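J.: Before I ask anything, let me first share the structure, which is written out below as structure tokens.
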Amino acid sequence: MKSDDQASVPLATGSRRFYSSRTKNSGGFLAVSAALTMLLAACGQEAQTPTSATNTLEALSAQKGHATDLGPNVKIFDPSMATADIQAAVDAVATQQLSNQFGKQRYSLLFKPGTYGSAEHPLIIQVGYYTEVAGLGANPTDVVINGHVDAYNQCDASGCIALNNFWRSVSNLTISVKGLTGCQASANFWAVSQASPMRRVNVTGGNLSLMDYCSAGPQYASGGFIADSQTGFVINGSQQQFLVRNSNIGGWSNGVWNQVFAGVVGAPPQSFGGSDPYTTLAQNPVSREKPYLYQDTNGRYRVFVPDAQTNAQGATWLSGQTAGRSISIDDFYVARPSDSAQTLNNQLSQGNNLLLTPGVYNIGSTLKIKRANTVVLGMGVATIVPQNGVVAMSVADVPGVDIAGLMFDAGPVNSPVLLQVGSQRERDEHAKSERHDGSYGTPTALQDVFFRIGGAQAGKATLSLEVNTDNTILDDIWAWRADHGEGVGWTVNTADTGLIVNGDNVTATGLFVEHYQKNEVIWKGENGKTIFFQNEMPYDAPNQAAWKHGNVLGYAGYLVANSVKVHEGWGMGSYIFTNVDPTIHASHGFEVPTVPGVRMHDLLTVELGAGTIDHVINSTGNAVTSAAVGVPSTVVSYP
């Protein structure tokens, strides 16, 4: 598993590790050389990094006949370009973005098919905030990075951690691990937390580490999500929780609280409640991989939209092209942050899909998706901010819509909901015979869709995501009421609930919902499934009177309505850290009806240094208190 120079790599961090809260500010985590500093200039909303290296790359790119203008914050690399020029350009972006947690800059670093770097001159990419690194091949093996694509701990006066490593991604390429020296040469590091997916990645020639054990030793991370990938040995280490689905891995080392595998070849065996906190499903009940931009053999941009799968195992591309459909870029409107909501809606009404290039989109009216099979694909964590309290986006009662790679950031005036999928009024009119059949057909899907209430600015939204459409797939969703940043406080960034599901046959794979002020997830639809759930209750409730309802103390992290007859969940955790009033209690982390068709597997609660959760689910499961900080209380099966 390890070569001689990896002999000192730690594969375990003790029995259970925890961290009580995220740091408010994360400083730059590596010293930047004077040469790289000279490459960087201040960037505005859509400004590019104005370096000689970047200008050279863009000139070469233009000479090669790119007909589609993806905007100044999309950097396109060609294998014929000098490695030194590419290195300078990616370093300039990294220097700006590594500590830019709440900035407005967004970037996509795209690599055309071919090989980049070599054993002698590896390409080393450090991935900061709001940065997408992606290959433009039809398959991950079409783009090979000889080097690293890394995310490390952020180090400042308070220490070195990865708890704040959000909003970044790597996808659709091969990382052949080469280069660097000492500890950092021992693996490709992806030490990330929420909203930092790895998709369609092929890691060869070395380990993949999900913690950074080089910067001040093993430190904490709170991720994460891997899908449709193939790796060698994976060092999980200090990751508090992690989901891997539909992938192939060469082994896995230890865990902290909640490690979930669904349809993963090489996954460790089921052992939740035993020595390791592993929840392992041999197959993933339903999935639909994220659409991706690529170039065809003529160099034209297209978007590939994978088909849905049921009861699948392993990466989709290992035995040939992923099943799905390819859409010409001519069928997309390539949007810029300066576009108005009216412009985007006009394009949608003309039958176009949307490709949102990197940036922040301030919209004054609701973006309305009305056509079946519409694709809305964001690049570089494209961010939509509703103004004047409008709903940011709504989807009509049509099948097959795919929304991916977007963040919805609440505006200063309260929105009733940020993203509404399907009309509640029309859905209620469906005949019972048209529902509950368990079929998926062409499901609507959300992949890598994130919600933020506060942090970048004071934002308010009663509800982040409402799903009314049957047969919907939620894949890597992070709904976050900010616990740090700007505009944060119990009466400042107000938000009741992260997710309400009214649709039937809705499946969530990778659901992260944190810090909302009432029940954080409410599930009312029949035949729902959740594979992996991570929740932190609100830190900032001022007292128990402000955070209770009826005779129930606090609110559940995950509530299944009493009317529901069939529901199932696997690998689900809820944590408490009430640092404003440490005496606060929550009656339970999970609340469900006790009926034969509602079955919950591998549940846990954890106390992170303040507050108490009295029971894990309903009145079952031991309390977690400050007497055993970081030690989970578990329920293997309920009822």
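J.: For region 165-236, count the residues as N, evaluate 2.2 N^0.38 Å, and divide the Cα radius of gyration by that value, please.
T.: For region 165-236, the normalised Cα radius of gyration comes out at 1.04.
J.: Return the subset of LYS75/LYS460; LYS104/LYS370; LYS524/LYS548; LYS290/LYS548 for which the Cα-Cα distance in this structure is over 32 Å, preserving the input order.
T.: Exceeds cut-off: LYS75/LYS460; LYS290/LYS548.
J.: Now for a separate question. Set Lys and Arg Cβ to +1 and Asp and Glu Cβ to -1, take the dipole of the chain about its Cα centre, and tell me which of GLY454, ASN254, GLN97 lies farthest positive.
T.: The Cα lying farthest towards the positive end belongs to GLY454.
J.: Next question. Give or take rounding to whole Å, what are the principal axis extents of the alpha carbon atoms in the chain, in descending order?
T.: 68, 59, 46
J.: Please report the antiparallel percentage of the DSSP beta bridges confined to the chain, to the nearest 5.
T.: 15 percent
J.: On full extension of the chain, what length is gained from GLN350 through ALA216, given 0.36 nm per residue of separation minus the C-alpha to C-alpha distance?
T.: That pair, GLN350 and ALA216, stretches by 42.8 nm at full extension.
J.: Then there's this: Rank the residues TRP490, TRP570 as a footprinting-exposure proxy: fewest other Cβ atoms within 10 Å of their Cβ go first. Can you show the working numbers first?
T.: Numbers: TRP490 15, TRP570 22.
The most exposed by this proxy come first: TRP490, TRP570.
J.: Using the 10 angstrom Cβ neighbour count as an exposure proxy, how do ARG302, ARG106, ARG599 rank, fewest first?
T.: Ordered by Cβ neighbours within 10 Å, fewest first: ARG599, ARG302, ARG106.
J.: Now, a different point. For region 292-335 and region 556-584, what is the separation of their C-alpha centers, rounded to whole Å?
T.: The two parts, judged by their Cα centres, are 36 Å apart.
J.: Please arrange VAL203, VAL401 by counting, for each residue, the other beta carbons lying within 10 Å of its beta carbon, fewest first.
T.: Lowest to highest Cβ neighbour count: VAL401, VAL203.
The numbers here are math on the coordinates, done by the rules we state, and not lab data. Just so you know, these numbers come straight off a predicted model, no measurement behind them. For neighbour counting, all protein chains shown are included, and Cβ atoms are generated from backbone atoms with ideal geometry for every residue, glycine included.
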